[in-house]
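Written below as structure tokens is the structure these notes are about.
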Amino acid sequence: MEEAERIKALPPYLFARIDEKIEAAKAKGVDVISLGIGDPDRPTPEHIIKKLAEEAHNPANHRYPSYVGMPVYRQAVSTYYQRRFNVELDPKKEVVALIGSKEGIAHVTWCYLNPGDIALVPDPGYPVYNVGVMLTGAESYRMPILEENGFLPDFDIIPPDVAKRAKLMFLNYPNNPTGGIADAAFYTKAIAFAKKYDIIICHDAAYQEIYFDGYKPISFLEVEGAGDVGIEFGSLSKTYNMTGWRVGWAAGNARVIEALGRIKSNIDSGIFQAVQAAAVEALLGPQECVAEMRQVYRERRDMVIDGLNEMGWNLNKSLATIYIWPRVPKSFTSSSFAELVLEKAGVVITPGNGYGECGEGYFRISLTLPTERLREALERMRLSLGTLEF
Ligand code: MLT
């Protein structure tokens, strides 16, 4: 069986590869603690589950859902934007429901990229941006997002011939994997660059509600001109502990939303309506659960950063996301350090090079496991790794 060219170069998904390592270590009897994937350990809040259960009994929900999302769901997304960011969105034209934002990120590339085109992709970055681009036969131009630049890309160093061929640009703040954040001034620069070269901005805002210490992310769509050039991806996964439910959205420029909806209507058949009803409950119902979630991650962030700093790191406390992004100690690569930590401590960390070349020299810790288990992981690292040099 000969695979198609487009899939031959496609690696297994980063976390599928990590799962294999976890399974291999478990098979050897290791009690593995995975700080790998960002997958909330805490349950979906009860009122959301209750809504799903009620709606699952309604036969009207057992039929095909609307391709682009139920009006009530798209309205709820629009209401969320209005309440949280003071952004007005037409739910009919400027919002489309997604089976998780990952799906929309992969599909939007099909709407705008031809073979030979370029998409601007952050490095390090969520692997799906690059893979989506690759599947269309277009090329990714990796924009370094470096620590010394606050994990923001520098548009001035993108060669004009690259910018002229670029059709799409992915941005992601609060950022996975670095925890970096962006302000209005940065988005203004990105919008001016996109307008100059006629580039569509796809802003991935999956971590928009996970913030600490008085910081509160703005939406890309709040910034003047954003709606002319781009869309924002949102997700219920991390905000409401709903990774398994697969529900998110894209919002913003009506032409991009229509194109994304058109491609989706030809490929998938929408989201189970009971899940959409539960998502409405999540977005518009009580929000105390979100404040609690932030509190839990803040405590875990403090514990992990304090623990690593006691081992010799010198990390500042990140203001957003569920990730910690430290450099590896001297004389290690991302992979050799991840291997050492698994071998000595039975702890899985994500090697930074899994997010692109500029992730080399870093590793990622996810805060999405019970606090006690996280504490144990740190303790095992402290006891087993010996003296580390930085
Ligand atoms: C992550 O850990 O980066 C994400 O949760 C993985 C994903 O969304 O597939």
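The table for this structure:
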quantity: Residues that are assigned to a strand (DSSP E or B) and within 16 Å of the ligand (Cβ to nearest atom), drawn from the stretch 213-243; calculated: F233, G234, S235
quantity: Any hit, the stretch 29-41, residues being open to solvent by 70 Å² or more (accessible area, probe 1.4 Å) and more than 21 Å from V304 (Cβ to Cβ); calculated: no
quantity: Total residues in the stretch 45-84, condition touching a Leu at 6+ places or on another chain (Cβ under 8 Å) and open to solvent by 60 Å² or more (accessible area, probe 1.4 Å); calculated: 1
quantity: Residue that is assigned to a helix (DSSP H, G or I), in contact with a His (Cβ under 7 Å, 6 or more places away or on another chain) and at negative phi, where the choices are I263, I257; calculated: I263
quantity: The stretch 266-276: number of residues that are in contact (Cβ under 8 Å) with a residue 60 or more places away in the chain, assigned to a helix (DSSP H, G or I) and open to solvent by 10 Å² or more (accessible area, probe 1.4 Å); calculated: 3
quantity: Leading residue by the ranking (farthest from the ligand (Cβ to nearest atom)) among those in the stretch 318-335 that are at pLDDT 95 or above and not in a loop (DSSP other than H, G, I, E, B); calculated: R327
quantity: In the stretch 336-363, the residues that are part of a loop (DSSP other than H, G, I, E, B) and either within 16 Å of the ligand (Cβ to nearest atom) or buried (at least 23 other Cβ atoms within 10 Å of the Cβ) (or both); calculated: I349, G356
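Conditions tested, residue by residue: (1) away from the ligand (no atom under 15 Å from the Cβ); (2) part of a loop (DSSP other than H, G, I, E, B).
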position	(1), (2)
E20	yes, no
A24	yes, no
V30	yes, yes
G38	no, yes
D41	no, yes
H47	yes, no
K51	yes, no
E54	yes, no
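The values are calculated or read from the model by the stated rules, or taken from the named source; none is laboratory data. The shown structure was predicted, so the numbers you read here are calculated from the model rather than taken from an experiment. Using ideal geometry, Cβ is built from the backbone for each residue, glycine included, and neighbour counts are taken over all protein chains shown. Calculation scope for accessible area: heavy atoms of the full protein, side chains included, ligands and nucleic acids excluded. Shrake-Rupley method; radii C 1.70, N 1.55, O 1.52, S 1.80 Å.
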